[in-house]
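The values are calculated or read from the model by the stated rules, or taken from the named source; none is laboratory data. For clarity, every value in this text was computed on a predicted model and none was experimentally measured. Neighbour counts are summed over all protein chains in view; Cβ atoms, including those assigned to glycine, are modelled from backbone coordinates with ideal geometry.
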Protein chains: 4
Amino acid sequence: MSMFDRSAKGVFVIAPTPFLPDGALDLASTDRMTDAFIAAGAAGMTILGVMGEAPKLTEAESLAFVDRVIKRSAGRIPVVVGASAPGFAQMKAIARGSMDLGAAGIMVSPTPGLKGDEAVISYIAQAMDVVDAPFVLQDYPQLTNVTMTAPMIARMAQDQRMVMLKAEDWPGLDKLTAIRRLEAEGKMPRVSILGGVGGQFLPEELARGADGIMTGYAFPEMLVNVCKLMWAGQRDAAQDLFDLHLPLIRTEVQPGLGLAIRKYVLKRRGIIAHDTLRAPGPKLTPETAAEVDYLLARLARTQPLAAAA
Amino acid sequence: MSMFDRSAKGVFVIAPTPFLPDGALDLASTDRMTDAFIAAGAAGMTILGVMGEAPKLTEAESLAFVDRVIKRSAGRIPVVVGASAPGFAQMKAIARGSMDLGAAGIMVSPTPGLKGDEAVISYIAQAMDVVDAPFVLQDYPQLTNVTMTAPMIARMAQDQRMVMLKAEDWPGLDKLTAIRRLEAEGKMPRVSILGGVGGQFLPEELARGADGIMTGYAFPEMLVNVCKLMWAGQRDAAQDLFDLHLPLIRTEVQPGLGLAIRKYVLKRRGIIAHDTLRAPGPKLTPETAAEVDYLLARLARTQPLAAAA
Amino acid sequence: MSMFDRSAKGVFVIAPTPFLPDGALDLASTDRMTDAFIAAGAAGMTILGVMGEAPKLTEAESLAFVDRVIKRSAGRIPVVVGASAPGFAQMKAIARGSMDLGAAGIMVSPTPGLKGDEAVISYIAQAMDVVDAPFVLQDYPQLTNVTMTAPMIARMAQDQRMVMLKAEDWPGLDKLTAIRRLEAEGKMPRVSILGGVGGQFLPEELARGADGIMTGYAFPEMLVNVCKLMWAGQRDAAQDLFDLHLPLIRTEVQPGLGLAIRKYVLKRRGIIAHDTLRAPGPKLTPETAAEVDYLLARLARTQPLAAAA
Amino acid sequence: MSMFDRSAKGVFVIAPTPFLPDGALDLASTDRMTDAFIAAGAAGMTILGVMGEAPKLTEAESLAFVDRVIKRSAGRIPVVVGASAPGFAQMKAIARGSMDLGAAGIMVSPTPGLKGDEAVISYIAQAMDVVDAPFVLQDYPQLTNVTMTAPMIARMAQDQRMVMLKAEDWPGLDKLTAIRRLEAEGKMPRVSILGGVGGQFLPEELARGADGIMTGYAFPEMLVNVCKLMWAGQRDAAQDLFDLHLPLIRTEVQPGLGLAIRKYVLKRRGIIAHDTLRAPGPKLTPETAAEVDYLLARLARTQPLAAAA
């Protein structure tokens, strides 16, 4: 397996949790999805994040899904498991359980309701002790309402276990630059930073110093290729490719509705068998599905992958 | 056991979950607490609510605790179990598991993020189907940020399974009156309504038509006696007794800190062995503990129960 | 002037309030901006909205700005004035003052903190009485945290003064469809609906039945042309044009930062003289400015208007 | 006038803004109220706070009210004016206007939406420059959702203009202790600290080191006397007096409804002529008014002041 450390780079695909129409785990789709993401060039996978409907799984289901993905990936890529939880007991259960099953690292975001910078820093320090594994810090204030500034992250990164930052603040590009500047000034160790926010700012994130992206856009191939083009210095070509996908990205990042759209596209692509979400959850209207179909058809004019959808 | 139906009345004590210093379930304290609350005159107990640190328990721990309380109560009082959860799968697991263990009913609050009256009504209708047991609707907008007006509750109460409303809006007295008025006008069936908000408005709640209260104040004996006095028409005597406890009530309802104070008082009373909260959680400073001690000492001048603390 | 009634359609440009470097109103830029938006094909202008930094203006400044825009527009297009305020006294002052100066209508959003559908409907009914002028209902829950469903809007639209809905929920396309369906079923009168959310979903909004859009994207010419193409049945051509602008739209809709970017682009276009925001407010970093410059340069390859920037 | 500096102590009464039934300023009641609060032993008055319905006043009305209170107080007590505003332009207008009229100081809370400790500290530093007058920092996170920890306040207090902290966090007693500890350790200058939260924790606040309280409870005489008793070392007597009022305090601190109750009590006491709130605002139901009447009658058994109500 490629190592999972502070040098990690590339596209970590955030995977949804596939369900059968009756809401049970769809393990066959889980296998197919894992293969598809690896085939797409993923450098890693992240499971049981917000997009993975983790809070709607029982603990047993969570670990069953972790086990399946890790077994299927068979060491080809590192698998990161989300373990954010209201209490440290559950966080520990998921984290230790996942590491025992072969996970490469654990992703945690600060729990909502923390007050003041020191409380956040203290919480993450405790979480790293609880998890005691390669740690991915998720900075997603739109969901947690917890702010982490660059100097705060610099302090957290003094702990060697902090391997990676999933940078998902919005807007967040200037924070990314501020972190890289603190690193350059020797004020913090260099960590792996992957962008997020659905892929909306991938070219800019990479130009600002991100090592890749961790997101769940339904065409990870594009994310991979944009990274390659950027790293080859082909900024314009990267943006050209990115722009082709931006209408669909924009559609997928709609709050609440986005996951339903992603599962619909993954189903259209043959990657998962059903676009079931666990209840309570949104359903696509025929109008929305038709809009997605239209965007897929447009994309297919130039992107063979979309043509297969 | 007294029946748990729409005629339920009295004090349903919301129980904390006792932990050992290492964070494990403290089942010996659980037994002692159950006995103490029944001895105090509780008409019922409610477990695994917000105050029960439910989101910090694993599913197995939750059901172990439910089992213990129900076994210990041995049919002397009905036990209501909180089953609010991000997904219906977990809600069902806790609800069905608890009913199988002998619970009298299941308490659920609307999930945060619901938008518009109809979405709330629809969610609760689905939750009643998921739970499919005597249903307690928890109206606690300070936590959920979901509004339920009297006419909305009237619609929900058309479902025969809705047995009880835990009325915890703040301010909420006018809503309580509005609901009783809708009942009087024949616009909704009469349901059991228990007050809440830490007991802060118990006399007023009863005067407005509440059938009792469901709260976790550490001296449920007072709640029971205020109910008795009010029902005996002794409004002034009820208020006199209530006022003696109000300084401590005020101290216990502080957000975040309140549960730590309640566990501290219950420990002082000998009802639980430890005042451990699961991490992450607040700790009492010596200053706060001293303030609580002072209030207990004052209370003990007239209230023998507090003298024992 | 084109009438401002329920048949209104086209692009209503939401105008920023131009300031001099010292923070004073920049009335020369105000004139130039008004001319530029009319030249771009605007069907109307909306001023003193959120984007207009209205809460940072004194009442006297607000009315001075309203007066200047209306005088300059000289009846060529209707001018809508935002009058949302914590109290009805101020709402009335701005609304009546603006109507006396020649405004075509007044835009109001529900005040934050309203609880339950009926409270929202009642608030808007009162606001229409306070304003007593052609009324634009702004549905912008990302800012107000107040939900307005299609059936709620149907009830509000029974008041003849409600001329227009600014549909800015996100996601909001299905709500737009639901409103048009209620109209088709005779359950509410037909009102003008303009889309929003920064222009991100303009083609879809129009396809769902919007009469145009009310937003502040810095190239209103594109918005006008997309409308024309859509109305001419040229869906693909509309989307082609839209897609060219989407990277910049995406950049402008970033919360907090977006207005600074729009003012920067309007300055680059020579429409306003300074990109000053009133304090407290964000400032563009050189990195962000360079990213915007890059997107403008790309746009200029095909869009002569951007070449001028 | 007693000086308004870091040695300020005692009860600063937060005054409501009296209105006539038609919503206009009631200046006759303003005079009577000013006299009554001074007669009650107020060490100062605070106007145009949240409780003063400041956001519902026009700028002209605000300054007219400031002028009236200051003229009437005639130097007998310092008058602090609230100047929190979305923009610094308005803050400056109210602050400078009020200082010119003879205000003793200006109270400001951080604007909602600030992210991270440094942003809050920077905002307050800017606000002190804008105001440039004796500065009262309002710490009221229940309203602003902005956290200010003791170390943050210590940094803000390095500015000599910061005279006073209005400590209104809830729970906030441990923060008060932490600030006094930082002062004792020489890590910050000693500032005046007044408690708040409606008076709910006055004895504890004073015991923790507060110099008094700034709140709007409708019987400021009690607040004054509790301060006197505490400072005379009569802790029990202070608590005895406090406890008599706690049922009414509890009723007045209900969010949304509290101001209506306070105005009702002040009207009953003959201090203001009308209990009008500006729209939109809550109205007391007959049931709530009767509950307040009952509490007043109970209070009157021992408190002659309440008997007059």
Next item on the list: Look at region A:86-112 and say how many of its residues are touching a residue at least 24 places away in the same chain (Cβ under 8 Å), among the small types (Gly, Ala, Ser) and within 14 Å of another protein chain (Cβ to nearest Cβ).
Entry: 4
Item checked: Failed item in (1) within 11 Å of C:Leu202 (Cβ to Cβ); (2) under 17 Å from the mean Cα position of the chain (by Cα); (3) within 8 Å of chain A (Cβ to nearest Cβ), with C:Arg250 passing the rest -> (1)
Note to self: Considering only residues that are touching a strand residue (DSSP E or B) at 6+ places or on another chain (Cβ under 8 Å) and either under 24 Å from A:Leu114 (Cβ atoms) or within 14 Å of chain A (Cβ to nearest Cβ) (or both), which ones fall in region B:268-301?
What the structure shows: B:Thr276, B:Leu277, B:Arg278
Next item on the list: Find the helices (runs of 4 or more DSSP H) located wholly in region C:58-144 whose residues include 3 or more that are in contact with a Pro (Cβ under 9 Å, 6 or more places away or on another chain) and at pLDDT 95 or above, and list them.
Entry: C:117-131
Checklist line | Answer residue from region B:148-175, given it is in contact with a Gly (Cβ under 6 Å, 6 or more places away or on another chain) and under 24 Å from B:Asn225 (Cβ atoms) and is farthest from the other protein chains (Cβ to nearest Cβ) among those | finding: B:Lys166
Check: Going through region D:145-160 one residue at a time, which ones are buried (at least 18 other Cβ atoms within 10 Å of the Cβ) and part of a loop (DSSP other than H, G, I, E, B)?
Finding: D:Val146, D:Thr147, D:Met148, D:Thr149, D:Ala157
Next item on the list: Looking for whichever is among the hydroxyl-bearing types (Ser, Thr, Tyr) and closer than 26 Å to D:Ala210 by Cβ here; the options are D:Thr30, D:Thr46. Which one fits?
Entry: D:Thr46
Checklist line | Among (1) touching a strand residue (DSSP E or B) at 6+ places or on another chain (Cβ under 7 Å); (2) within 14 Å of another protein chain (Cβ to nearest Cβ), the one test that D:Gly10 misses | finding: (2)
Item checked: Among residues of region B:176-196, those that are within 14 Å of another protein chain (Cβ to nearest Cβ), under 22 Å from B:Gly44 (Cβ atoms) and basic (Lys, Arg), counted -> 1
Margin query: Looking at region D:140-168, I want the residues that are over 21 Å from A:Glu118 (Cβ atoms) and touching a residue at least 40 places away in the same chain (Cβ under 8 Å) and have a partner that is surrounded by 19 or more Cβ atoms within 10 Å (Cβ to Cβ) and polar (S, T, N, Q) with Cβ atoms under 7 Å, at least 6 apart or on another chain. Which pairs are those?
Written below: D:Val163/D:Ser192; D:Met164/D:Ser192; D:Lys166/D:Gln138
Notebook entry, point to check: Which of the residues spanning region B:177-189 are surrounded by fewer than 24 Cβ atoms within 10 Å (Cβ to Cβ) and out of contact with any Ser or Thr (no Cβ under 9 Å at 6 or more places or on another chain)?
Noted result: B:Arg180, B:Arg181, B:Leu182, B:Glu183, B:Ala184, B:Glu185, B:Gly186, B:Lys187, B:Met188, B:Pro189
Next item on the list: Any residue in region A:222-240 that's among the charged types (D, E, K, R): show its pairings with residues that are assigned to a helix (DSSP H, G or I) and modelled with pLDDT under 95 at Cβ separation under 6 Å, as long as the two are six or more apart or on different chains.
Entry: none
Margin query: Just to check your reading of the model, which residue among C:Arg68, C:Arg72 is away from chain D (no Cβ under 14 Å), closer than 30 Å to D:Ser84 by Cβ, out of contact with any strand residue (DSSP E or B) (no Cβ under 6 Å at 6 or more places or on another chain) and of a type in the set (Lys, Arg)?
Written below: C:Arg68
Notebook entry, point to check: Can you tell me which of A:Val136, A:Val81 is more than 14 Å from chain B (Cβ to nearest Cβ), buried (at least 23 other Cβ atoms within 10 Å of the Cβ) and out of contact with any helix residue (DSSP H, G or I) (no Cβ under 9 Å at 6 or more places or on another chain)?
Noted result: A:Val136
Notebook entry, point to check: Before we move on, is C:Pro55 farther than 25 Å from C:Lys263 by Cα, at pLDDT below 95 and within 20 Å of the chain's Cα centre (by Cα)?
Noted result: no
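Matching residues to (1) modelled with pLDDT under 95; (2) aliphatic (A, V, I, L, M); (3) over 13 Å from the mean Cα position of the chain (by Cα):
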residue: D:Leu206; (1), (2), (3): no, yes, yes
residue: D:Gly209; (1), (2), (3): no, no, yes
residue: D:Tyr217; (1), (2), (3): no, no, no
residue: D:Glu221; (1), (2), (3): no, no, yes
residue: D:Val224; (1), (2), (3): no, yes, yes
residue: D:Cys227; (1), (2), (3): no, no, yes
residue: D:Asp240; (1), (2), (3): no, no, yes
Item checked: Selection status of D:Phe242, buried (at least 22 other Cβ atoms within 10 Å of the Cβ) and within 11 Å of chain B (Cβ to nearest Cβ) -> yes
Note to self: Against the condition in contact with a Phe, Trp or Tyr (Cβ under 8 Å, 6 or more places away or on another chain), acidic (Asp, Glu) and surrounded by fewer than 24 Cβ atoms within 10 Å (Cβ to Cβ), how does B:Asp169 come out, does it pass?
What the structure shows: yes
Next item on the list: Residue by residue through region A:1-49, note down the ones that are within 15 Å of A:Ile70 (Cα to Cα) and in a helix (DSSP H, G or I).
Entry: A:Leu27, A:Ala28, A:Ser29, A:Thr30, A:Asp31, A:Arg32, A:Met33, A:Thr34, A:Asp35, A:Ala36, A:Phe37, A:Ile38
Next item on the list: Considering only region D:212-225, state which residues are among the β-branched types (Val, Ile, Thr) and closer than 21 Å to D:Asp169 by Cα.
Entry: D:Ile213, D:Thr215
Item checked: In region A:109-127, residue farthest from the chain's Cα centre (by Cα) [restricted to those that are hydrophobic (A, V, I, L, M, F, W, C) and surrounded by 20 or more Cβ atoms within 10 Å (Cβ to Cβ)] -> A:Leu114
Next item on the list: Go through D:Val224, D:Val265 for me and flag whichever is away from chain B (no Cβ under 13 Å) and surrounded by 21 or more Cβ atoms within 10 Å (Cβ to Cβ).
Entry: D:Val265
Margin query: Checking C:Gly212 against (1) over 20 Å from C:Val136 (Cα atoms); (2) surrounded by 23 or more Cβ atoms within 10 Å (Cβ to Cβ), only one condition comes out false. Which one?
Written below: (1)
Check: Pick from A:Ile193, A:Ile213: which is within 28 Å of A:Val130 (Cβ to Cβ), in contact (Cβ under 8 Å) with a residue 60 or more places away in the chain, in contact with an Asp or Glu (Cβ under 7 Å, 6 or more places away or on another chain) and of a type in the set (A, V, I, L, M, F, W, C)?
Finding: A:Ile213
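Yes/no per residue for (1) in a loop (DSSP other than H, G, I, E, B); (2) touching a His at 6+ places or on another chain (Cβ under 6 Å); (3) farther than 30 Å from D:Pro86 by Cβ:
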position: C:Met188; (1), (2), (3): yes, no, yes
position: C:Ile193; (1), (2), (3): no, no, no
position: C:Leu206; (1), (2), (3): no, no, yes
position: C:Met222; (1), (2), (3): no, yes, yes
position: C:Phe242; (1), (2), (3): no, no, yes
position: C:Leu246; (1), (2), (3): no, no, yes
position: C:Arg250; (1), (2), (3): no, no, no
